[in-house]
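Student: Following this message is one structure expressed as structure tokens.
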Amino acid sequence: MRIVSGKYKGRAINPPRNLRARPTTDFAKENLFNVLGNLVDFEECDVLDLFAGTGSISYEFASRGARSVTSVEINSVHYNFIRQTAAQLGIGNLYPVKANVFLYLKSCPKQFDIIFSDAPYDLEGSEQVVKLVLEGDLLRPGGILIFEHSKKMDFSAYPEFWQLRSYGSVQFSFFKKL
């Protein structure tokens, strides 16, 4: 796993083998950020990364100059890895939070420009993230929610659904705050 672009471009991230996360593939990550790069100015974005896992997406946003990146992860080993890696890389705009994503979304006091969610594909009820974000008013006007998921899910009926992007077995559903 590596950071694709920005200040920390090319830096390898080597999580210990005991991390059970399924990081977004470099191919899918690179394409996701190409799409986002045409839509937003990263330096003006506050980002929320849900189910952060290894922190791969968080590091990418931070590397591209996001104003702030909040990484939410419940697993202590993953949370500590994100915290330690951010410190080793000298990333000052990344803020790890050890919390249950669903509880965090229900009590989150701020809004974000971009929210990225990569729940485990087999996590029952993971689609509730979309509802909690959109109904909880967690996106600023014009904000974007990206929900990574398997091909089994379909969010096209949501009024805020904007587009679907597929990269191999990875699917990204995009939602835009109206």
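The values are calculated or read from the model by the stated rules, or taken from the named source; none is laboratory data. Computed from a predicted structure; not experimentally measured. Positions of Cβ are backbone-derived with ideal geometry, glycine not excepted, and every protein chain shown enters the neighbour counts.
Student: Of the residues that make up the stretch 109-126, is at least one in contact (Cβ under 8 Å) with a residue 40 or more places away in the chain, surrounded by fewer than 21 Cβ atoms within 10 Å (Cβ to Cβ), in contact with a helix residue (DSSP H, G or I) (Cβ under 8 Å, 6 or more places away or on another chain) and not in a strand (DSSP E or B)?
Tutor: yes
Student: If I filter the stretch 5-36 down to residues being under 18 Å from GLU148 (Cα atoms) and of a type in the set (A, V, I, L, M, F, W, C), which single residue comes out as modelled with the lowest pLDDT? Don't jump to the end; show me each part of the working.
Tutor: Within the stretch 5-36, the first condition is being under 18 Å from GLU148 (Cα atoms), and the residues that meet it are 20-36.
Checking which are of a type in the set (A, V, I, L, M, F, W, C) leaves us with 21, 27-28, 32-33, 35-36.
Numbers: ALA21: 66, PHE27: 85, ALA28: 87, LEU32: 93, PHE33: 93, VAL35: 93, LEU36: 94.
So, considering only residues that are under 18 Å from GLU148 (Cα atoms) and of a type in the set (A, V, I, L, M, F, W, C), the one modelled with the lowest pLDDT is ALA21.
Residues checked against (1) surrounded by 11 or more Cβ atoms within 10 Å (Cβ to Cβ); (2) without any contact (Cβ under 8 Å) to a residue 24 or more places away in the chain; (3) of a type in the set (Lys, Arg); (4) touching a Phe, Trp or Tyr at 6+ places or on another chain (Cβ under 9 Å):
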| residue | (1), (2), (3), (4) |
| --- | --- |
| ARG140 | yes, no, yes, yes |
| LEU145 | yes, no, no, yes |
| GLU148 | yes, no, no, yes |
| PHE155 | yes, no, no, yes |
| TRP162 | yes, yes, no, yes |
| GLY168 | no, no, no, yes |
| PHE174 | yes, no, no, yes |
| LYS177 | yes, no, yes, no |
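Student: Another one. Could we say that ASP46 is more than 17 Å from ASN75 (Cα to Cα), acidic (Asp, Glu) and crowded, with 18+ Cβ neighbours inside 10 Å here?
Tutor: Numbers: more than 17 Å from ASN75 (Cα to Cα): yes; acidic (Asp, Glu): yes; crowded, with 18+ Cβ neighbours inside 10 Å: yes.
It is true that ASP46 is more than 17 Å from ASN75 (Cα to Cα), acidic (Asp, Glu) and crowded, with 18+ Cβ neighbours inside 10 Å.
Student: Taking the residues in the stretch 55-74 that are within 14 Å of TYR8 (Cα to Cα) and among the polar types (S, T, N, Q) as candidates, determine which candidate is nearest to the chain's Cα centre (by Cα).
Tutor: Kept after step one, since they are within 14 Å of TYR8 (Cα to Cα), are these residues of the stretch 55-74: 55-66.
Going one step further and asking which of them are among the polar types (S, T, N, Q), we end up with 56, 58, 63.
Numbers: SER56: 9, SER58: 6, SER63: 14 Å.
Looking at the filtered set, the residue picked out is SER58.
Student: Let me ask something additional. Of all the residues that make up the stretch 1-33, how many are farther than 27 Å from ASP122 by Cα and free of Cβ contacts under 8 Å to residues at least 40 places away in the same chain?
Tutor: Qualifying residue count, the stretch 1-33: 2.
Student: Here's another thing I want to ask about it. When residues of the stretch 128-152 are filtered for being modelled with pLDDT of 90 or more and farther than 29 Å from ASP41 by Cβ, how many remain?
Tutor: As a first pass, look at the stretch 128-152 and keep what is modelled with pLDDT of 90 or more: 128-149.
Subsequent filtering for residues that are farther than 29 Å from ASP41 by Cβ retains 128.
So the answer is 1.
Student: With the structure loaded, tell me whether PHE61 is under 17 Å from VAL130 (Cα atoms), outside any strand (DSSP E or B) and among the aromatic types (Phe, Trp, Tyr) or whether it fails that test.
Tutor: Numbers: under 17 Å from VAL130 (Cα atoms): no; outside any strand (DSSP E or B): yes; among the aromatic types (Phe, Trp, Tyr): yes.
No; evaluated as a whole, the condition is false for this residue.
Student: Residues of the stretch 88-114 being more than 20 Å from VAL77 (Cα to Cα) and of a type in the set (A, V, I, L, M), which ones?
Tutor: Correct list: LEU105, ILE114.
Student: Which one of the conditions (1) in contact with a Lys or Arg (Cβ under 8 Å, 6 or more places away or on another chain); (2) of a type outside the set (A, V, I, L, M); (3) surrounded by fewer than 19 Cβ atoms within 10 Å (Cβ to Cβ); (4) within 17 Å of ILE146 (Cβ to Cβ) does SER56 fail to meet, given that it meets all the rest?
Tutor: (3)
Student: Only one of (1) among the aliphatic types (A, V, I, L, M); (2) part of a loop (DSSP other than H, G, I, E, B); (3) surrounded by 23 or more Cβ atoms within 10 Å (Cβ to Cβ) fails for VAL133. Which number is that?
Tutor: Going through the list (1) among the aliphatic types (A, V, I, L, M); (2) part of a loop (DSSP other than H, G, I, E, B); (3) surrounded by 23 or more Cβ atoms within 10 Å (Cβ to Cβ), VAL133 breaks only (2).
Student: Sticking with this one: Name the one entry in VAL69, VAL35 that is outside any loop (DSSP other than H, G, I, E, B), buried (at least 22 other Cβ atoms within 10 Å of the Cβ), of a type in the set (Val, Ile, Thr) and at negative phi.
Tutor: Values: VAL35 fails: buried (at least 22 other Cβ atoms within 10 Å of the Cβ).
Unique residue meeting the criteria: VAL69.
Student: May I ask you to list the residues in the stretch 154-178 that are within 14 Å of SER117 (Cα to Cα) and at pLDDT below 90?
Tutor: The answer is VAL170, and nothing else.
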